[in-house]
Amino acid sequence: MRSHSPEPERAGDCLGSAGLIALCVLSCALASDLAAQERAPGAFLAPSTLENLSSEPNTVEVELTAAPERLSLFPGAQTEFWAYNGSVPGPTLEVSEGDRVIVHFRNELAYPTTVHWHGIHLPFTADGSPFHPVAPGESFVYEFTIHPGTAGTYWYHPHPHHDTGRQVAKGLHGAIIVRDPGDALPESLSERLLVLSDNRFDRDGQIDFAEPGSRQARIDEENGREGEVLFLNGRVMPELAIASGEIQRWRVINASGARTYRLALSGHSFVHVGSDGGLFEHPREVGEILLAAGERVELLVRGEGDPGSTAVLRSLPYDRYLPQTRPADWTDSLALATLRYSDEAPVDAVAIPERLRSVPPLDPDSATVERRMTLTKNRINGRMMQMDRIDEVAELGATEIWEIENLVGMDHSFHLHGFPFQVVERDGEPVNEPVWKDVVNVPKRSTLRFVVRFDRYPGKWMFHCHILDHEDAGMMGVLEVRDP
Amino acid sequence: MTTPRTLQSIALLALVPLMILLAAVQTPAAAQDVAASAVNVVEVEAEDYAFRMPGEIPSGWTTFQLTNQGDEHHFMLIARLPDGITYDDYVTDVAMSFNDTWYGLREGRIGPDEIMPLLGEALPEWSAAVEYMGGPGFLAPGTSGTATMNLEPGAYIVECYMRTADGEMHSMEGMLDPLVVTGERTGQAPPAASLRVELAEEGMTLEGRPAPGLNTFEVHWVDHPEGTFGHDVHVVRLDDEATTEDLLHWINFFNVDGFSEPAPGTFVGGINMMPAGATAYFTADLEPGPYLLVSEYTGAMGVLAEFTVEGR
């Protein structure tokens, strides 16, 4: 059992007690979302699920609209967000392996946008990358198939060139859950989706972006924009219910533009069962989890507390920063949610299998190409993003080793579109168990290597830092996968 | 209250941003020759804006070969920290104090005359004990240069504070790293030099006659001027239209338009400041023509010299 963190704790500097005010009353949300959001203040609230409009088997057809929306997520204020189908986070896209997915997207914003299906292996034209902006007032149909082995937790968010950070911060992000009918974890486990985000608000309760040229803009440029108000599914310090003895399955998404979460639950350990691309082969007992921007994790939380007791989910201090711009309060421990035990008698625990699934390893020895990506300020390999430049060319079907070298004194989270990869080495130390990733944190002054195979889909694919201010500033490149 | 110790600190630290960081700029081929003949060469690559280098090196005579792979000029200042002072201490208490002062100057909130008093208030007393230990000076993009110094074990920092087009010091963008010099000795001897430069309050002297090709300069710091900044030395070949005054303006850190691209000349060798009494070495690959030897801050006080490399 973990002891409580000794670090100072806060739940948002300007909020006072969470739960004082109703947080989530939508002004004009879609009906299905409205019903979900009008629950009691402070209670855990799962995002709604996108309604499947198709009656065809193995087909999920949904409608998604990005539009301005006034919401009361920041206590005491009606804030102008940009929302998918009227809610922040947006409704969850829930699909199964083998499904054909059709998304009818409409942009009702005043700016070009895209919908990037983060982590999903899909055709280039459906990736929602900066190459396919959707103009204001225009629509686009995203179509793709969920391939076997994809089951896991993903997310979707905008990806317009130079504007991703702002649009995500304005509220445009949502979860994707890909299910595997043969999932080894017991169906009886209650499942919780936790979408983590942070934001910054001005005195009027509006989303605050630093004035260009200001000191804060300079800090945001370096660290990525962090907000002092932390949200879990759009709520501040919600309360999750659990029974003694119960085991819950948590799917956690870091939808923040920059913040890294070092998750710990007071008095509890986690069973780490999965990462970006789904379940591991074997569960791992861990005391805490590091979740960089864009990453996801699947955890089992065992209800080891006594009936009526509480525990706090926190983000512990983590120094990902250059000392030049490290926030003064970075040593604070940030509270995210309360886990409250019911008063009922303990329930019987469910057995967790020792083997979760088979993850086929990509063989580094079969790699035909090795590439090195050097990360520095707003640059990859010394270059800033140019839409009309191809930075790397790979052959369709090729297996490659990518070496990611972070030369600077702050962490960067590296994301490759379209093709999941497996990390095989960190600072010269082998990583043995194959794990599917699409974002990986590259700690300051460190190097890692991953193996990736460019199967099935030719096209132009982005690779970039998922600290969104860095991406927007140019820390991104284009990989063209060509059919030989 | 400003103490003499703090004043010394200000003098030393304020010198750093003022130095003309002219590097030992060589063709890659020439630099490789030097590296091949040296016993202990630390290869460093400068990117925009980061150093690729080991975090730990042996002590003793050490040649740093800096290769600029970026699109902007870079240099590598090396400084030894006092016992008990960490890299983070240096960054937060010294580098950030300079950055705040620079911002004030850049934004017109303070004038050059206010810099010293402000730094006197901002810098910690321990900063007087920071020892600046040389390192290759400015390098143009695509070039490489060396500097050889005798380093004692301890905690060091390496830094480039050239400025971006946006007016940010490279050190704030990522070019400020820790370096540990261990107790293990390199066993390297100082290099043989055909030229000797002495830096003193009275001026700069050059002994020997630079020749076409690779030249090794031995540099000796006789003293530093009382109550003001110290010396470094750089070899510059000015552009056709540029004057000495243009160069002295450009390399003055306190000129808002200085220390950034484009430079008024070609830098072909140099070494950053070291303590009085120290001796160190740098190399310069010279073509026939006129050159300036100049010290960044004290150059404006007359610590500079001219020489001409005659054709073969």
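Count of region B:244-262 residues, restricted to those that are more than 16 Å from B:Thr164 (Cβ to Cβ) and of a type in the set (A, V, I, L, M, F, W, C), is 4. Taking each residue of region A:55-71 that is under 20 Å from A:Arg106 (Cα atoms) and looking for partners that are surrounded by fewer than 18 Cβ atoms within 10 Å (Cβ to Cβ) and hydroxyl-bearing (Ser, Thr, Tyr) with beta-carbon atoms closer than 6 Å, six or more apart or interchain, yields A:Glu61/A:Ser54; A:Arg70/A:Ser27.
Within region A:419-439, the residues that satisfy the criterion of being in contact (Cβ under 8 Å) with a residue 60 or more places away in the chain and either surrounded by 19 or more Cβ atoms within 10 Å (Cβ to Cβ) or within 17 Å of A:Glu295 (Cα to Cα) (or both) are A:Phe419, A:Pro420, A:Gln422, A:Val424, A:Pro434, A:Val435, A:Trp436, A:Lys437, A:Asp438, A:Val439.
Selection of strands (runs of 3 or more DSSP E) fully inside region A:398-458 by the criterion of at least 1 residues being farther than 19 Å from A:Gly149 by Cβ and of a type in the set (Phe, Trp, Tyr) returns A:399-406, A:412-416.
From the residues in region B:64-84 that are within 13 Å of another protein chain (Cβ to nearest Cβ) and in a loop (DSSP other than H, G, I, E, B), which one is surrounded by the fewest Cβ atoms within 10 Å (Cβ to Cβ)? Within region B:64-84, the match that is surrounded by the fewest Cβ atoms within 10 Å (Cβ to Cβ) is B:Asp71. Here the condition is being farther than 30 Å from B:Tyr291 by Cβ, touching a helix residue (DSSP H, G or I) at 6+ places or on another chain (Cβ under 7 Å) and not aliphatic (A, V, I, L, M); of B:Glu168, B:Glu121, B:Glu125, B:Glu107, it holds for B:Glu125 alone.
Quick check, is A:Asp469 farther than 30 Å from A:Arg225 by Cβ, among the acidic types (Asp, Glu) and not in a strand (DSSP E or B)? Give the steps one after another, and end with the answer.
Values: farther than 30 Å from A:Arg225 by Cβ: no; among the acidic types (Asp, Glu): yes; not in a strand (DSSP E or B): yes.
Spelling it out, it is not the case that A:Asp469 is farther than 30 Å from A:Arg225 by Cβ, among the acidic types (Asp, Glu) and not in a strand (DSSP E or B).
The conditions are (1) away from every other protein chain (no Cβ under 14 Å); (2) assigned to a loop (DSSP other than H, G, I, E, B); (3) crowded, with 17+ Cβ neighbours inside 10 Å, and B:Pro190 fails exactly one of them. Which is it? So B:Pro190 meets the others, but not (3).
Would you be able to say whether some residue in region A:357-366 is touching an Asp or Glu at 6+ places or on another chain (Cβ under 6 Å), outside any loop (DSSP other than H, G, I, E, B), outside the structural domain of A:Asn254 (by TED's automatic domain parsing) and among the aliphatic types (A, V, I, L, M)? Among the residues of region A:357-366, not one is touching an Asp or Glu at 6+ places or on another chain (Cβ under 6 Å), outside any loop (DSSP other than H, G, I, E, B), outside the structural domain of A:Asn254 (by TED's automatic domain parsing) and among the aliphatic types (A, V, I, L, M), which makes the answer no.
None of A:Ser366, A:Ser413, A:Ser315 is in contact with a Phe, Trp or Tyr (Cβ under 6 Å, 6 or more places away or on another chain), hydroxyl-bearing (Ser, Thr, Tyr) and more than 13 Å from chain B (Cβ to nearest Cβ) except A:Ser315. Within region B:217-233, the residues that satisfy the criterion of being at pLDDT 90 or above and buried (at least 21 other Cβ atoms within 10 Å of the Cβ) are B:Phe217, B:Val219, B:Trp221, B:His224, B:His231, B:Asp232, B:Val233. Per the conditions (1) surrounded by fewer than 20 Cβ atoms within 10 Å (Cβ to Cβ); (2) modelled with pLDDT of 95 or more, the sole criterion not satisfied by A:Ile176 is (1). Among the candidates B:Val197, B:Val158, B:Val180, the residue that is within 14 Å of chain A (Cβ to nearest Cβ), in a strand (DSSP E or B), within 18 Å of the chain's Cα centre (by Cα) and on the phi < 0 side of the Ramachandran plot is uniquely B:Val158.
The values are calculated or read from the model by the stated rules, or taken from the named source; none is laboratory data. Because the structure is a prediction, the values reported are computed rather than measured. Backbone-built Cβ (ideal geometry, glycine too); neighbour counts: all protein chains shown.
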